[in-house]
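Take a look at the structure below.
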Amino acid sequence: MATHRVEYAALQTSAIELGLTPCATQLAETDAQRRCEAVWMLGRMRSPAIVPALRHALKDRDVEVRREVVWALARIGDDVALAALHEALGDRDREVRGMAAEAIEIIRRKSAARRQEATAT
């Protein structure tokens with residue numbers, strides 16, 4: 001339990017700094033479902049500021065939390081999130097790896113479309 005609290009200290013701090021105290025409280029839960037809910041809420045915020053902490057959460061002992069982190073990173077979709085998704089390609093769970101690969105491809109396509117649109121104007 002102490003290890004769990006230490007693992008999420010960075011994520012909690014980032015959530016609090018963003019004014020997301022309820023999420024931060026849930027991240028301290030020993031219940032994986034509560035941690036999943038917190039990560040989901042953070043992903044909906046689409047804030048690049050939370051990416052370093054989400055990157056740390058990719059190491060959660062619960063596969064469902066790691067899957068939720070991949071979803072959150074995909075929603076954020078910036079270069080730092082993309083780097084974290086590349087890390088998730090090495091996850092021990094096949095679904096986490098697959099989700100990360102799919103997210104990376106989607107982000108790359110969107111980025112290419114934005115670049116193409118910018119050069120067309």
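In the condition set (1) outside any loop (DSSP other than H, G, I, E, B); (2) under 13 Å from the mean Cα position of the chain (by Cα); (3) touching a residue at least 12 places away in the same chain (Cβ under 8 Å), Glu37 is compliant with all but (3). Note on segment 62-99: residues that are of a type in the set (A, V, I, L, M), farther than 10 Å from Val51 by Cα and crowded, with 18+ Cβ neighbours inside 10 Å total 7.
Just one of the listed residues (Ala120, Ala84) is modelled with pLDDT under 95 and of a type in the set (Gly, Ala, Ser), and it is Ala120. Please go through (1) touching a residue at least 24 places away in the same chain (Cβ under 8 Å); (2) part of a loop (DSSP other than H, G, I, E, B); (3) surrounded by 13 or more Cβ atoms within 10 Å (Cβ to Cβ) for Lys59 and return the number of the only condition it doesn't satisfy. Checking Lys59 against (1) touching a residue at least 24 places away in the same chain (Cβ under 8 Å); (2) part of a loop (DSSP other than H, G, I, E, B); (3) surrounded by 13 or more Cβ atoms within 10 Å (Cβ to Cβ), the one that fails is (3).
Summed over segment 63-115, residues that are of a type in the set (Ser, Thr, Tyr) and in contact with a Leu (Cβ under 7 Å, 6 or more places away or on another chain) total 0. When Arg114 is tested against (1) surrounded by 15 or more Cβ atoms within 10 Å (Cβ to Cβ); (2) more than 13 Å from the chain's Cα centre (by Cα); (3) basic (Lys, Arg), just one condition goes unmet, and that condition is (1). Tallying residues that are in a helix (DSSP H, G or I) and charged (D, E, K, R) within segment 70-105 yields 8.
The values are calculated or read from the model by the stated rules, or taken from the named source; none is laboratory data. Computed from a predicted structure; not experimentally measured. Virtual Cβ from ideal backbone geometry, glycine too; neighbours counted across all protein chains shown.
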